[in-house]
Amino acid sequence: MALQNNINETIIGDFLNFNRNIAEIPSKVSVPHEVKMDTCEYDVVYEEDRIRMLHYKPLTSKQISTPLVISYAIVNRYHIFDIDPKKSWIRNLLDSGIDVYMIDWGTPTKMDKFLGFDEYVNDYLDNCIEDVCDRSSVDKVSLQGYCTGGTLATVYSALHPEKVKNLIATAPIIDGWKDTTVVSNIAKKFDVDKMVEVVGNMPPEFIYYCFSILKPFEQGIEKYLKFFQNLDNEKFVNSFLKIEKWLAETPPIPGELFKQWIKGIYQENLLAQDKMFVGNQHVSLKNITMPVFTQVAVGDHLVSPECSMPLHYAVGAEDKNLEIYPTGHVGMIASSYSQKNVLPTLTKWIKSRSD
């Protein structure tokens with residue numbers, strides 16, 4: 001009987017705390033515009049149409065001369081690389097003496113509906129890298145691509161190998177047929193031509209839908225229960241709000257780029273089969289002869305490891321590394337695990353292959 005009474009008191013206490021936390025939300029939770037996302041200072045050094053290139057201010061007195069350009073994903077925004085000072089990918093690179101640039105793909109408008117791989121790779125990405133080369137007085141840069149940005153960086157390195165000193169591919173989408181994720185399964189089975197014809201640019205709402213069905217309970221009810229239960233934990237609340245704002249600011253994807261992506265990568269698997277053409281140029285992974293570092297996460301629910309790993313075996317490079325980590329898609333770039341296990345190996349690799 002005493003045990004049952006204790007259990008009842010615990011349940012009642014939790015319920016009362018839960019209700020109290022809900023009532024106190026207005027006084028404890030910041031509104032979206034008050035949530036600060038970035039922790040490292042930067043200058044916007046290049047702009048074209050909707051895109052920007054950020055140059056992060058150094059944190060060391062001496063830097064290696066080969067700059068690193070990060071091609072972020074076309075889904076979500078770049079903030080996840082620098083959303084928490086203790087888990088910041090950018091801060092770690094800067095602390096290691098690496099000169100870091102980040103491409104912010106911006107928010108496409110209806111006018112951008114017809115932009116595809118050619119414009120993103122041969123215009124925007126190429127212009128950004130040219131600008132960095134001019135600023136740093138170098139002929140080549142180290143290029144990192146994350147997720148869909150990893151695919152863009154891979155295609156760029158195959159078409160413009162003379163401008164890339166080192167390629168870092170972090171969870172890249174390479175072999176669409178081997179991707180077993182929910183996102184991939186959806187992508188392989190719908191009429192993307194009809195969808196783009198009807199809606200134009202792919203709206204954030206569709207992307208939210210795809211993400212929500214990956215882990216429906218965890219991404220729905222569970223995360224908000226945890227939020228209410230931890231409302232007195234300022235650190236937890238701050239982290240929660242940053243992630244929510246990051247997710248809420250997901251931009252649309254240009255219709256043509258989305259169509260080329262779904263058909264070319266997931267449905268027809270052109271890149272992995274050596275059949276991809278961008279701007280009438282053949283994209284051969286064998287042209288990638290610079291040092292390549294491929295990073296894969298075992299628990300990645302957005303890009304399965306089997307989708308990313310083929311890059312390591314397909315490139316023409318002799319100097320190549322494949323690292324497989326027991327973490328997830330975001331955990332590989334924005335976690336305590338990343339700081340302790342992923343970045344030390346990467347920064348050492350970059351510095352040993354840079355001027």
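The values are calculated or read from the model by the stated rules, or taken from the named source; none is laboratory data. Only a predicted model underlies this, so the values are computations on that prediction, with no experimental measurement involved. Neighbour counts run over all protein chains shown; Cβ positions are idealised from the backbone, glycine included.
Selection of segment 278-306 for residues being touching a residue at least 40 places away in the same chain (Cβ under 8 Å), surrounded by fewer than 19 Cβ atoms within 10 Å (Cβ to Cβ) and farther than 19 Å from Val121 by Cβ yields His301, Glu306.
Here's the yes/no breakdown for (1) in contact with a Lys or Arg (Cβ under 7 Å, 6 or more places away or on another chain); (2) crowded, with 19+ Cβ neighbours inside 10 Å:
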| position | (1), (2) |
| --- | --- |
| Tyr156 | no, yes |
| Pro161 | no, no |
| Lys165 | yes, yes |
| Ala169 | no, yes |
| Pro172 | no, yes |
| Trp177 | no, no |
| Ser184 | no, yes |
| Ala187 | no, yes |
| Lys194 | no, no |
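Please tell me if Ser354 is loosely packed, with under 15 Cβ neighbours inside 10 Å and in contact (Cβ under 8 Å) with a residue 60 or more places away in the chain. Walk me through it before giving the result.
On the way: loosely packed, with under 15 Cβ neighbours inside 10 Å: no; in contact (Cβ under 8 Å) with a residue 60 or more places away in the chain: yes.
Taking the combined requirement at face value, the residue does not satisfy it.
Can you list residue pairs whose Cβ atoms sit under 8 Å apart, with the first residue in segment 317-341 being under 28 Å from Leu285 (Cα atoms) and in contact (Cβ under 8 Å) with a residue 40 or more places away in the chain and the second being small (Gly, Ala, Ser) and not in a loop (DSSP other than H, G, I, E, B)? Count only pairs 6 or more apart in sequence or on different chains. Every condition considered, the pairs that remain are His329/Ala297; Met332/Ala297; Met332/Ser338.
When you look at Lys275, is it free of Cβ contacts under 8 Å to residues at least 12 places away in the same chain and in a loop (DSSP other than H, G, I, E, B), yes or no? Give the steps one after another, and end with the answer.
Details: free of Cβ contacts under 8 Å to residues at least 12 places away in the same chain: yes; in a loop (DSSP other than H, G, I, E, B): yes.
The answer is yes for Lys275.
Among the residues making up segment 84-115, a single one is more than 19 Å from the chain's Cα centre (by Cα), crowded, with 18+ Cβ neighbours inside 10 Å and of a type in the set (Gly, Ala, Ser): Ser96. Of the residues that make up segment 113-133, is at least one at pLDDT 95 or above, touching a Ser or Thr at 6+ places or on another chain (Cβ under 9 Å) and farther than 25 Å from Asp175 by Cβ? So far as segment 113-133 goes, yes, one or more of its residues are at pLDDT 95 or above, touching a Ser or Thr at 6+ places or on another chain (Cβ under 9 Å) and farther than 25 Å from Asp175 by Cβ.
Could you say whether any residue in segment 292-311 is charged (D, E, K, R), part of a loop (DSSP other than H, G, I, E, B) and under 16 Å from the mean Cα position of the chain (by Cα)? Yes, segment 292-311 contains at least one residue that is charged (D, E, K, R), part of a loop (DSSP other than H, G, I, E, B) and under 16 Å from the mean Cα position of the chain (by Cα). Selection of segment 307-331 for residues being out of contact with any His (no Cβ under 8 Å at 6 or more places or on another chain) and either surrounded by fewer than 15 Cβ atoms within 10 Å (Cβ to Cβ) or modelled with pLDDT under 95 (or both) yields Tyr313, Glu318, Asp319, Ile324, Pro326, Val330, Gly331.
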